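Data block below; observations after.
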Amino acid sequence: METFWDFKSKNYPSPLDAYGLVTPTKVINKVREFGVDFHQKSILDIGCGTGLYSSIISKEAQHITGVDLSSGMLQRFKEYIAHDGVENIELLQSDFKLFDAQQQYDIVLSAMTPAIGSFEDLHTMMDLSKKTCIYVSFSAPRHSPLMDDILALLGVENKYKSKFFDTKEYLESLGYQVHEDFFEHNWLQEGTVDEMTDDVLEHLKMKDIEVTRMKVKELLQPYVKEDKIIRETFSTIGLLVWHVA
Ligand SMILES: C[S@@+](CC[C@H](N)C(=O)[O-])C[C@H]1O[C@@H](n2cnc3c(N)ncnc32)[C@H](O)[C@@H]1O
């Protein structure tokens with residue numbers, strides 16, 4: 001069965017497209033400024049996706065293990081690995097909840113992934129780290145005029161709540177000294193009416209909103225220009241870096 005993330009993998013940025021690397025590069029540079037050295041380290045990338053973060057870190061790291069539940073995302077990551085002849089990345093398809101780690105890693109990274117959705121997941125992540133943890137997530141509600149309008153027209157409240165500040169507060173309550181920073185992260189998605197209808201339908205399905213394809217197509221009509229729809233999304237992402245040992 002194709003999952004939401006398999007669906008998203010088709011248009012998700014890849015390390016082979018420079019624009020997808022802009023924000024991850026800024027984030028990783030900031031992690032370095034916080035004193036983290038990736039050189040010769042073992043890394044676990046939880047919810048690695050197409051490898052945007054791993055592709056940057058692999059230039060220095062000794063070895064990276066990427067774990068992700070979506071075969072579509074991993075397939076796109078493998079295309080990058082084959083294209084660039086990268087030899088120090090190993091990919092495993094698994095839900096992080098079922099991930100059977102056989103070792104600890106110097107650095108554990110989780111970027112923009114629901115794989116770390118609870119404090120229990122956060123503890124699993126920390127247990128897998130010998131030293132450093134890196135957590136990246138939206139730190140404020142995403143704002144997409146097109147999606148906001150569609151939700152309003154359907155009479156649905158946009159209930160997105162960021163876990164970023166809860167995570168930071170929780171880590172500090174455990175006594176960790178946490179480095180933090182924020183980045184603007186905006187992107188454009190362009191597609192045909194059918195492609196964007198599918199995209200909006202998948203997002204609504206994820207929010208448990210039931211609506212027909214015909215209705216979504218009708219709601220999208222005002223956004224059609226020359227048979228295409230462009231969707232802009234504006235967001236802020238937050239970075240947390242802390243040492244568990
Ligand atoms: C928004 S993408 C982020 C990908 C990558 N970390 C990045 O920042 O570009 C979220 C990723 O998390 C993966 N994911 C979602 N839930 C997961 C879970 N429970 N276990 C492992 N991976 C998961 C998805 O398949 C997807 O590749």
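Overview of values
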read-out	value
Spatial separation of Cα centroids for region 1-72 and region 197-245, in angstrom	22 Å
Long-range HN-HN contacts of residue 185 with modeled amide H, under 5 Å	235, 236, 237
For the chain: span of alpha carbons on each principal axis (Å, largest first)	54, 43, 32
Rounded to the nearest 20 debye, dipole of region 8-135 from Cβ charges on Lys, Arg, Asp, Glu	320 debye
Unsatisfied cross-links (Cα-Cα over 21 Å) in the set 8/217; 30/78; 161/205	30/78
Candidates 227, 198, 181, ranked by Gaussian network fluctuation over the chain, Cα under 10 Å, top entry	227
The chain: most fluctuating residue of 162, 173, 94 per GNM, C-alpha cutoff 10 Å	173
Rounded to whole Å, sorted largest first: equivalent-ellipsoid semi-axes of region 157-245, Cα gyration tensor	38, 16, 9
Computed magnitude of the charge dipole of the chain (debye, nearest 20; Cβ of K, R +1, Cβ of D, E -1)	220 debye
Mean separation of Cα contacts under 8 Å (6+ apart) over length of the chain, as relative contact order %	20 percent
Beta bridges per DSSP with both ends in the chain, % antiparallel, nearest 5	55 percent
Note, ³J(HN,Hα) from phi for region 138-152, Karplus 6.51, -1.76, 1.60, rounded to Hz, x at Gly and Pro	4, 10, 8, x, 5, 10, 10, x, 5, 5, 4, 5, 5, 4, 5
Theoretical FRET efficiency, 1/(1+(r/R0)^6), r = Cβ-Cβ of residue 154 and residue 83, R0 41 Å, to 0.05	0.50
Given charges at beta-carbon only (K, R positive; D, E negative), |dipole| of region 81-212 in Debye	480 debye
Shape category assigned to region 71-201 from the gyration tensor of Cα positions, a/c cut at 1.5	oblate
D_trans [Stokes-Einstein, Kirkwood Rh over alpha-carbon pairs] for region 1-141, 20 °C, 1.002 mPa s, µm² s⁻¹	142 µm²/s
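None of the figures in this text is laboratory data; all of them are computed from the coordinates on show. All values derive from a computational prediction rather than experimental measurement. Cβ: placed from backbone, ideal geometry, glycine included. Neighbour counts: every protein chain shown.
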